[in-house]
Amino acid sequence: MIPKQNKELTDALIGEDIEVGREPSKTYRMDLENERIRGYTDGIEAVKQAIYKILSTERYKYLIYDWNYGIELADLFGKPIPFVYSMLKARIGEALLVDDRILEVSDFNFQEIDKETVLADYKVKTIYGDIKMSVPLNLRR
C-alpha cells in the first residue's frame, strides 16, 4: 500500500514561504606571511581567502571537511603535463564552484614551476566582483 500525501498537512509542516538565505562571509583573516590570525575579513577578501583554503586542501584526506571541500591533486603527480593542465582546469572549477559566492571560473593559464608545482592563473567571477588569481599548486602531497 502506497501512502497518500495530505497537501494541507505538508504545507502546514513545511510552510509555503520558505526563504533560503546566504550565509554571511565574515570570517577570521589569515595573515599567511606571519602565520597568524588577525581580525576579521568579509566580502571579496573573504572569498580570496576561501579560494586559497579550498585549493590548499586535498579532497577526501581530512575528516573535518565534508567530501565536497577541497581539490583532488594527489593522483595527478607523475602524469604528463598536458594531461595535468586539462585536469586542473576541470578540478579547480569543480572545487571552487561549491562555494555559493563563486559564480564562474575562467581564463585559465598554467605554468610548470618545477616537477612538483604548477602555477595556475585564472579569473573568478564572484557575487562581489571579479578576481584574478595566481596560485601555486603542489602536485606532490
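The values are calculated or read from the model by the stated rules, or taken from the named source; none is laboratory data. Predicted model, so just to flag it, every value in this text is computed and none were measured. As a convention, Cβ positions derive from the backbone with ideal geometry for all residues, glycine included, and neighbour counts pool all protein chains shown. These accessible areas exclude ligands, DNA and RNA; they are computed on the full protein's heavy atoms, side chains included. Shrake-Rupley method; radii C 1.70, N 1.55, O 1.52, S 1.80 Å.
So the values come out like this:
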| read-out | value |
| --- | --- |
| Selection within the range 35-44 - open to solvent by less than 90 Å² (accessible area, probe 1.4 Å) and free of Cβ contacts under 8 Å to residues at least 60 places away in the same chain | Gly39, Thr41, Asp42 |
| Number of positions in the range 45-93 that are in a helix (DSSP H, G or I) and open to solvent by 20 Å² or more (accessible area, probe 1.4 Å) | 16 |
| Pair list, Cβ under 8 Å, 6 or more apart: the range 21-34 residue under 24 Å from Asp100 (Cβ atoms) and open to solvent by 100 Å² or more (accessible area, probe 1.4 Å), other residue at pLDDT 85 or above and of a type in the set (Val, Ile, Thr) | Lys26/Thr41; Tyr28/Ile37; Tyr28/Thr41 |
| Number of the condition not met by Thr10 [criteria: (1) under 16 Å from Leu96 (Cβ atoms); (2) assigned to a helix (DSSP H, G or I); (3) modelled with pLDDT under 90] | (1) |
| Subset of the range 113-130 (residues that are of a type in the set (A, V, I, L, M) and crowded, with 17+ Cβ neighbours inside 10 Å) | Val118, Ala120, Val124 |
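Yes/no matrix, rows are residues, columns are (1) out of contact with any Phe, Trp or Tyr (no Cβ under 7 Å at 6 or more places or on another chain); (2) touching a residue at least 12 places away in the same chain (Cβ under 8 Å):
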{"position": "Leu73", "(1), (2)": "yes, yes"}
{"position": "Phe77", "(1), (2)": "yes, yes"}
{"position": "Val84", "(1), (2)": "yes, yes"}
{"position": "Met87", "(1), (2)": "yes, no"}
{"position": "Gly93", "(1), (2)": "yes, yes"}
{"position": "Leu96", "(1), (2)": "yes, yes"}
{"position": "Val105", "(1), (2)": "no, yes"}
{"position": "Tyr128", "(1), (2)": "yes, yes"}
{"position": "Leu139", "(1), (2)": "no, yes"}
